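Visitor: Got a structure here, written out as structure tokens. Questions coming.
The values are calculated or read from the model by the stated rules, or taken from the named source; none is laboratory data. If you're wondering where the values come from, they're calculated on a predicted model, not measured in any experiment. Quick reminder, even Gly has a Cβ in these numbers, built from the backbone with ideal geometry, and neighbours come from all protein chains shown.
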Amino acid sequence: MRTESGHSIWINGTGIAIDGQEISPAVIFDRPEIPYENDAQMEKMKSLKKQLRRSGHFVSAAVTAAAAALNESGLEMEHTEKAALLLTSTFGDQDATVDFIDETQLYGCEQGSPIKFAHSSLNMGASYAARLLGVKGPSMTMINFDDCFYNALVTAYSLLSTGYCKNLLLIHCESDTALAKILYKWQKTGKAEIEKPFTINDGTSSAVAFVLGTGKSSPLGVSLSFRKVNEPPGSDKEFQAGHSDARLHPALTLAWTVMEKTCCKESFSLTASAGLNSRHSIQFEIE
Amino acid sequence: MSIYITGMGAVSALGGNLSEHMEHLRTLSGGAEPIQGQPPQLLFPAPVPHGTTEHYRTIDLLIPTLEEALASAKLTEADFQGHCAVSYGTTASCYINDQQFHQKLRKNVVDEKSIRAYFACNPAEFIRKRLSIKGPALTISNACASGTDAIGAGMCLIKSGQCDIVIVGGAEELHPVSAGGFFALGVSSKERCRPFDRNRSGLNLGEAAATLIIESEESVMRRGVKPIMELAGYGNANDTFHVTQPSPEGEGLELAIKMAFRDAGLADISEIAFINAHGTGTFHNDLMESVVFNRIFGKGCRFHSTKGLTGHTLGAAGALEAVMSALMLEAGLACASYGFSTPDPEMPLSPLTEPFQFNNSRQSCALSTSIAFGGCNSAILLRLPKDGGAI
């Protein structure tokens, strides 16, 4: 990339959902809970949970993390409507895809469910997040085995810095699937000699979301610089929020560092890095 | 900052290269004959032989378009050592669309060869590895708008100063899973599709790939190449209406089109010679597009759909239609909307019924729109470079 010093954007809200459940920074870092602004907002969140009750765990995790990040950012509805939405994932909602293919294989290609087909589309997570949270700006879904979170940050930076949006909801979501389990097993036993572009843990459906902006729009806002470096990863952080999926480590590392920073009152900067694959890492600097 | 298209390549039912596409657009003749598929529906295969079993057909389709685009842009391997990236759209190639693979996965007996094929078929990563590109490789999977959004994401990478050259495009193979899916939705047609026609009965799926080389103005000057077209504007908006149906009023599409105009600095919409509409031949899509075009452009709007010639190529559609729009804009000729004959009284506008010849020095722009599952709406605006492309 061109800028050796990395890219700079603002993080105005962070949300984490492990297996669909929001992980509150208040629990992890003893940080004061961000209250819902009013009863209407509280009702909105209750309604959101109701609307998610029939969605799959991938969609549920993505929307829950995104809603938490938006709540933390305090972004007003008029700005949320104009925000962009970017969802990144290595496989997407594989379970939903598999559901439809299963049907066509079991009952014939004429017998698939239209609802399952619609939900097998890889952009359904972003679609639900946009619809339920009222995000009407540019929306994109990216599916990459390699550099999944880094690619999303680069694209988010591009959209923000070129004026396509002033705020952007970035979601990295991963689900535990049959393929993930097989790859994980192979990795542990050394059975496969294929180049594995990412590591797999026997994890759960989880998501990390950020409200990014061109400026500081929340009292908890921090500036972020990031860059990809040609160094193998060190030991990734041990996360306290359960047994998280290793594909999410770069996003979780960033979320954790932001939460650490917003919990301390000092004005120093924090740095962190996380492995993208066996050869590259991503470095973050938070101020 | 201006961004230029310096190379293009395409394969679809219309042919295996750009000149075959232009020839068919000029004469409005179909290329390869559509075939009857299963479940019962008409399908548009591309005249590209099947390649190795190392990767899926989507990659077989992508490779010739990549080679054609690289050759027309006069790019060498050395050019990729700089600030280059890939941004490519697909809906199916990078998920488990390989039924054999899926059957094995269900039985927990996945072999290494299947896994290799699965990982080899992420289009952007395939191109990055093939050309040893060091920059980002983005695979955009935004359903039927994937191709247009991949172009848009590539534009952003250049505009933000992160890259000089981006390989953009889209690729999609015909596949029983998507054929079964659109059949299940009740929107696939057994007859040749008739976009915007009163008697339209749904869409035909097709397969295609289209690759474009886009560059910053500085890169074009440094390499001394002649740009084919300016990639002037991009817009994208979500109508947050429904997971599969577009909003009837098309607020999202209107926002996307206006965003593309703003991005291009377009002050006078009469500079737009024609619109290549998404025009799938489905009831809701075509009605909505007609309503939006009427609201923005009024009764004089000239638009067509090329899906009667190529079928709906899903993740490739936006890129393929951008390439065909560029060819037609360059030739000063917009083809008639193939398959249209009877106006729909519910629609405020009808598409072109005859080829439209225009003076492309005055009407120097073309708009291409894409609409997708998940409420996605995208638009790109192409503009013929001034002074024949001399920069």
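Visitor: Based on this model, can you work out whether A:Gly125 counts as in a loop (DSSP other than H, G, I, E, B) and either crowded, with 24+ Cβ neighbours inside 10 Å or at the interface with another protein chain (Cβ under 8 Å from one of its Cβ atoms) (or both)?
Guide: Details: in a loop (DSSP other than H, G, I, E, B): no; either crowded, with 24+ Cβ neighbours inside 10 Å or at the interface with another protein chain (Cβ under 8 Å from one of its Cβ atoms) (or both): yes.
Against the criterion (in a loop (DSSP other than H, G, I, E, B) and either crowded, with 24+ Cβ neighbours inside 10 Å or at the interface with another protein chain (Cβ under 8 Å from one of its Cβ atoms) (or both)), A:Gly125 does not qualify.
Visitor: Same structure again: Surrounded by fewer than 24 Cβ atoms within 10 Å (Cβ to Cβ) and at pLDDT 95 or above, is that true of A:Lys185? I'd like the intermediate steps shown before the answer.
Guide: Working: surrounded by fewer than 24 Cβ atoms within 10 Å (Cβ to Cβ): yes; at pLDDT 95 or above: no.
Considered against the rule, which asks whether it is surrounded by fewer than 24 Cβ atoms within 10 Å (Cβ to Cβ) and at pLDDT 95 or above, A:Lys185 comes out as no.
Visitor: May I ask you to say which residue of A:Ser113, A:Ser121, A:Ser73 is within 26 Å of B:Ala124 (Cα to Cα) and of a type in the set (S, T, N, Q)? Lay out the reasoning, then the answer.
Guide: On the way: A:Ser113 fails: within 26 Å of B:Ala124 (Cα to Cα); A:Ser73 fails: within 26 Å of B:Ala124 (Cα to Cα).
Among A:Ser113, A:Ser121, A:Ser73, only A:Ser121 is within 26 Å of B:Ala124 (Cα to Cα) and of a type in the set (S, T, N, Q).
Every residue, every condition in (1) buried (at least 24 other Cβ atoms within 10 Å of the Cβ); (2) at pLDDT below 95; (3) more than 8 Å from every other protein chain (Cβ to nearest Cβ); (4) in a strand (DSSP E or B), yes or no:
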| site | (1), (2), (3), (4) |
| --- | --- |
| B:Leu157 | yes, no, no, no |
| B:Val168 | yes, no, yes, yes |
| B:Ala171 | yes, no, yes, yes |
| B:Phe196 | yes, no, yes, no |
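Visitor: Specify the residue that is surrounded by the fewest Cβ atoms within 10 Å (Cβ to Cβ); the eligible residues are those in region A:128-143 that are within 7 Å of chain B (Cβ to nearest Cβ) and of a type outside the set (A, V, I, L, M, F, W, C). Before the answer, list the steps.
Guide: Taking region A:128-143 first, the residues within 7 Å of chain B (Cβ to nearest Cβ) are A:130-131, A:134-143.
If we keep only those that are of a type outside the set (A, V, I, L, M, F, W, C) as well, we get A:131, A:134, A:136-139, A:141.
On the way: A:Arg131: 21, A:Gly134: 15, A:Lys136: 22, A:Gly137: 24, A:Pro138: 31, A:Ser139: 32, A:Thr141: 29.
Ranking the qualifying residues of region A:128-143, first place goes to A:Gly134.
Visitor: Among the candidates B:Leu253, B:Leu231, which residue alone is buried (at least 24 other Cβ atoms within 10 Å of the Cβ) and assigned to a helix (DSSP H, G or I)? Before the answer, list the steps.
Guide: Working: B:Leu231 fails: assigned to a helix (DSSP H, G or I).
Within the list B:Leu253, B:Leu231, the selection yields B:Leu253.
Visitor: On the given criteria, is B:Cys163 surrounded by 24 or more Cβ atoms within 10 Å (Cβ to Cβ), in a loop (DSSP other than H, G, I, E, B) and on the phi < 0 side of the Ramachandran plot?
Guide: Working: surrounded by 24 or more Cβ atoms within 10 Å (Cβ to Cβ): yes; in a loop (DSSP other than H, G, I, E, B): yes; on the phi < 0 side of the Ramachandran plot: yes.
Criteria met by B:Cys163.
Visitor: If you don't mind, there's one more thing I want to ask. Checking the condition within 20 Å of B:Ala143 (Cα to Cα) and at pLDDT 95 or above, which residue from B:Ser370, B:Ser364, B:Ser337 passes?
Guide: B:Ser370
Visitor: Kindly list the number of the only condition in (1) on the phi > 0 side of the Ramachandran plot; (2) more than 7 Å from chain B (Cβ to nearest Cβ) that fails for A:Phe149.
Guide: Here A:Phe149 clears every test but (1).
Visitor: For region B:101-136, how many residues meet the condition of being facing chain A (nearest Cβ under 7 Å), in contact (Cβ under 8 Å) with a residue 12 or more places away in the chain and touching a Lys or Arg at 6+ places or on another chain (Cβ under 7 Å)?
Guide: 0
Visitor: Moving on. Consider B:Phe183 against the criteria (1) away from chain A (no Cβ under 12 Å); (2) surrounded by 24 or more Cβ atoms within 10 Å (Cβ to Cβ); (3) under 27 Å from B:Tyr56 (Cβ atoms): it satisfies all of them except one. Which criterion is unmet?
Guide: Of the numbered conditions (1) away from chain A (no Cβ under 12 Å); (2) surrounded by 24 or more Cβ atoms within 10 Å (Cβ to Cβ); (3) under 27 Å from B:Tyr56 (Cβ atoms), the odd one out for B:Phe183 is (1).
Visitor: Continuing with the same structure: Of the residues B:Thr244, B:Thr240, which single one is of a type outside the set (D, E, K, R), touching a Leu at 6+ places or on another chain (Cβ under 8 Å) and at pLDDT below 95? I'd like the intermediate steps shown before the answer.
Guide: Working: B:Thr240 fails: touching a Leu at 6+ places or on another chain (Cβ under 8 Å).
Going through B:Thr244, B:Thr240 in turn, just one is of a type outside the set (D, E, K, R), touching a Leu at 6+ places or on another chain (Cβ under 8 Å) and at pLDDT below 95: B:Thr244.
Visitor: Going through region B:280-338 one residue at a time, which ones are on the phi > 0 side of the Ramachandran plot and buried (at least 24 other Cβ atoms within 10 Å of the Cβ)? I'd like the intermediate steps shown before the answer.
Guide: Looking only at region B:280-338, we keep the residues that are on the phi > 0 side of the Ramachandran plot, and these are B:281, B:298, B:311, B:314, B:332.
Result: B:Gly281, B:Gly311, B:Leu314.
Visitor: Count, please, the residues in region B:352-391 that happen to be among the polar types (S, T, N, Q), within 21 Å of the chain's Cα centre (by Cα) and in a strand (DSSP E or B).
Guide: Counting residues in region B:352-391 that are among the polar types (S, T, N, Q), within 21 Å of the chain's Cα centre (by Cα) and in a strand (DSSP E or B) gives 5.
Visitor: Do we find that B:Ala78 is surrounded by fewer than 21 Cβ atoms within 10 Å (Cβ to Cβ), among the hydrophobic types (A, V, I, L, M, F, W, C) and modelled with pLDDT of 80 or more in this structure? So that I can check it myself, show each step before the final result.
Guide: Numbers: surrounded by fewer than 21 Cβ atoms within 10 Å (Cβ to Cβ): yes; among the hydrophobic types (A, V, I, L, M, F, W, C): yes; modelled with pLDDT of 80 or more: yes.
Yes: the conditions hold for B:Ala78.
Visitor: Quick one: is A:Asp99 more than 8 Å from every other protein chain (Cβ to nearest Cβ), farther than 15 Å from B:Gly181 by Cβ, over 16 Å from the mean Cα position of the chain (by Cα) and surrounded by fewer than 22 Cβ atoms within 10 Å (Cβ to Cβ)?
Guide: Values: more than 8 Å from every other protein chain (Cβ to nearest Cβ): yes; farther than 15 Å from B:Gly181 by Cβ: no; over 16 Å from the mean Cα position of the chain (by Cα): yes; surrounded by fewer than 22 Cβ atoms within 10 Å (Cβ to Cβ): yes.
Spelling it out, it is not the case that A:Asp99 is more than 8 Å from every other protein chain (Cβ to nearest Cβ), farther than 15 Å from B:Gly181 by Cβ, over 16 Å from the mean Cα position of the chain (by Cα) and surrounded by fewer than 22 Cβ atoms within 10 Å (Cβ to Cβ).
Visitor: Also: Would region B:202-218 turn up any residue that is in contact with a helix residue (DSSP H, G or I) (Cβ under 7 Å, 6 or more places away or on another chain), more than 25 Å from B:Glu346 (Cα to Cα), acidic (Asp, Glu) and not in a helix (DSSP H, G or I)?
Guide: Yes: region B:202-218 contains one or more residues that are in contact with a helix residue (DSSP H, G or I) (Cβ under 7 Å, 6 or more places away or on another chain), more than 25 Å from B:Glu346 (Cα to Cα), acidic (Asp, Glu) and not in a helix (DSSP H, G or I).
Visitor: Go over the candidates B:Ser87, B:Ser141 one by one and state the one that is facing chain A (nearest Cβ under 7 Å), at negative phi and surrounded by 24 or more Cβ atoms within 10 Å (Cβ to Cβ).
Guide: Matching residue, one of B:Ser87, B:Ser141: B:Ser141.
Visitor: Then there's this: With the requirement that a residue be hydroxyl-bearing (Ser, Thr, Tyr) and modelled with pLDDT under 90, what does region A:194-216 give you?
Guide: At the first step, the residues of region A:194-216 found to be hydroxyl-bearing (Ser, Thr, Tyr) are A:199, A:204-206, A:214.
Listed by number, the residues that qualify are A:Thr199, A:Thr204, A:Ser205, A:Ser206.
Visitor: Here are some residues: A:His119, A:His172. Which one is more than 9 Å from chain B (Cβ to nearest Cβ) and crowded, with 20+ Cβ neighbours inside 10 Å? Full working, then the answer.
Guide: On the way: A:His119 fails: more than 9 Å from chain B (Cβ to nearest Cβ).
One residue alone meets the criteria, A:His172.
Visitor: Hey, does region A:67-87 have a residue that's under 26 Å from B:Ala179 (Cβ atoms), within 15 Å of the chain's Cα centre (by Cα) and either at the interface with chain B (Cβ under 9 Å from one of its Cβ atoms) or small (Gly, Ala, Ser) (or both)?
Guide: Checked region A:67-87: no residue is under 26 Å from B:Ala179 (Cβ atoms), within 15 Å of the chain's Cα centre (by Cα) and either at the interface with chain B (Cβ under 9 Å from one of its Cβ atoms) or small (Gly, Ala, Ser) (or both).
Visitor: Based on this model, can you work out whether B:Thr244 counts as in contact with a helix residue (DSSP H, G or I) (Cβ under 6 Å, 6 or more places away or on another chain) and not in a helix (DSSP H, G or I)?
Guide: So B:Thr244 fits the description; yes.
Visitor: Next question. For B:Thr240, all conditions in the list (1) over 19 Å from B:Cys121 (Cα atoms); (2) crowded, with 24+ Cβ neighbours inside 10 Å; (3) within 9 Å of chain A (Cβ to nearest Cβ) hold save one; what is the number of the exception?
Guide: Among (1) over 19 Å from B:Cys121 (Cα atoms); (2) crowded, with 24+ Cβ neighbours inside 10 Å; (3) within 9 Å of chain A (Cβ to nearest Cβ), B:Thr240 violates only (2).
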